[in-house]
Amino acid sequence: MNKIAVVGAGTMGNGIAHVFAQNGFSVNLVDLHKPQLEKAITTIAKNLERQVLKGTLSQVEKTNTLQRIQTLEKIQDGVQEADLIIEAATENAEIKLKIFRELDQFAIPDAILASNTSSISITRIAAVTKRPTQVIGMHFMNPVPLMKLVEIINGYATDPLVTKKIIEISLQLSKTPCVVNDFPGFVSNRILLPMINEAIICLQEGVATVESIDTVMKLGMAHPMGPLQLADFIGLDVCLAILKVLQEGFGSPKFSPATLLVNMVAAGFLGVKSGEGFYKYSSGSRDLIVSDSFKS
């Protein structure tokens, strides 16, 4: 596998393109919106420059990495020669199903189709293609260049040889692959999102402030980041979408989203991406500009 296509140039897509290109792969980064592609390349360049400044990457390696990434605005043009195609669109089932129908139409017969979904059924995604044995989940963690885990999700029909190839390619990226089976939320978000939701309920009920809740979890449970700040980084809209998948998939009230979360998303307070969630952030940055949110 030498030719990779990444469909979706948002936070996850540009991170995935970054790590593949840095590890010697030729990458087509595909997005329907040219400004999103331009923003993605700018983000990748900035992240590579940080690596140069830290001494973990040379200037030549940075230049070579950027040269391996080609941006395209049409799926057909971007995927038709790729050996592995990774969908990294927003966490919306209908959007992903539409993309996979197109990928199945334009990809070469032997291409593996992977989804970076964090909760949506791989079996459901594979069912809209004529190659369900070649469809698999490849769930990277954010920020992709730094986080070591790749959660590999087998659909009902995924060929074991496809799983083996994805494990091997994950190792080539210096990632740690963990293979799981296709249940709502898989392992990562089945455990993580109920914890985040419970932290939001604690805030909603006035148990403690944003800062106190996060400090308890950081210092008491050795979490590198508190659950409310992590929710801001993930995106509160994404957290809500995943909880809805869990609630629908398991039919259990324990996955019901907190009212506060629902209201914040409706009001447009989405976390880092909107500049404010449980915390406020400087424009276009993950840097906190206040110690606590307006919520108490």
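The values are calculated or read from the model by the stated rules, or taken from the named source; none is laboratory data. Keep in mind it's a predicted model, so treat the numbers as computed, not measured. Cβ: placed from backbone, ideal geometry, glycine included. Neighbour counts: every protein chain shown.
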note = Per the filter on segment 164-193, residues free of Cβ contacts under 8 Å to residues at least 12 places away in the same chain and β-branched (Val, Ile, Thr) are Ile191
note = Of (1) of a type in the set (A, V, I, L, M, F, W, C); (2) over 14 Å from Glu73 (Cα atoms); (3) exposed (fewer than 15 other Cβ atoms within 10 Å of the Cβ), Ile4 fails just (3)
task = Go through Leu171, Leu192, Leu146 for me and flag whichever is within 21 Å of the chain's Cα centre (by Cα) and within 24 Å of Pro257 (Cα to Cα).
result = Leu192
message = Take Asp292 and tell me if it is of a type outside the set (Val, Ile, Thr), at pLDDT below 95 and outside the structural domain of Ser118 (by TED's automatic domain parsing).
response = yes
inquiry  = Based on this model, can you work out whether Ile108 counts as assigned to a loop (DSSP other than H, G, I, E, B), at pLDDT 95 or above and hydrophobic (A, V, I, L, M, F, W, C)?
reply    = yes
inquiry  = Just to check your reading of the model, which residue among Pro177, Pro143 is in a strand (DSSP E or B) and not assigned by TED's automatic domain parsing to the domain that holds Phe233?
reply    = Pro177
request  = Go through (1) closer than 21 Å to Val238 by Cα; (2) not in a helix (DSSP H, G or I) and name the single condition Ala82 misses.
outcome  = (1)
key: Residue ID - surrounded by the fewest Cβ atoms within 10 Å (Cβ to Cβ), chosen from residues in segment 106-133 that are among the polar types (S, T, N, Q) and closer than 15 Å to Ala5 by Cα   = Asn116
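Conditions (1) surrounded by fewer than 21 Cβ atoms within 10 Å (Cβ to Cβ); (2) in contact with a strand residue (DSSP E or B) (Cβ under 7 Å, 6 or more places away or on another chain); (3) part of a helix (DSSP H, G or I); (4) small (Gly, Ala, Ser), marked per residue:
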position: Pro184; (1), (2), (3), (4): yes, no, no, no
position: Leu192; (1), (2), (3), (4): yes, no, yes, no
position: Ile200; (1), (2), (3), (4): no, no, yes, no
position: His223; (1), (2), (3), (4): yes, no, no, no
ask   = Given the conditions (1) surrounded by fewer than 23 Cβ atoms within 10 Å (Cβ to Cβ); (2) closer than 18 Å to Gly10 by Cα; (3) of a type outside the set (Ser, Thr, Tyr), which single one is not true for Leu53?
value = (2)
request  = Only residues that are farther than 28 Å from Asp182 by Cα, in contact (Cβ under 8 Å) with a residue 40 or more places away in the chain and buried (at least 21 other Cβ atoms within 10 Å of the Cβ): list them for segment 237-271, please.
outcome  = Gly271
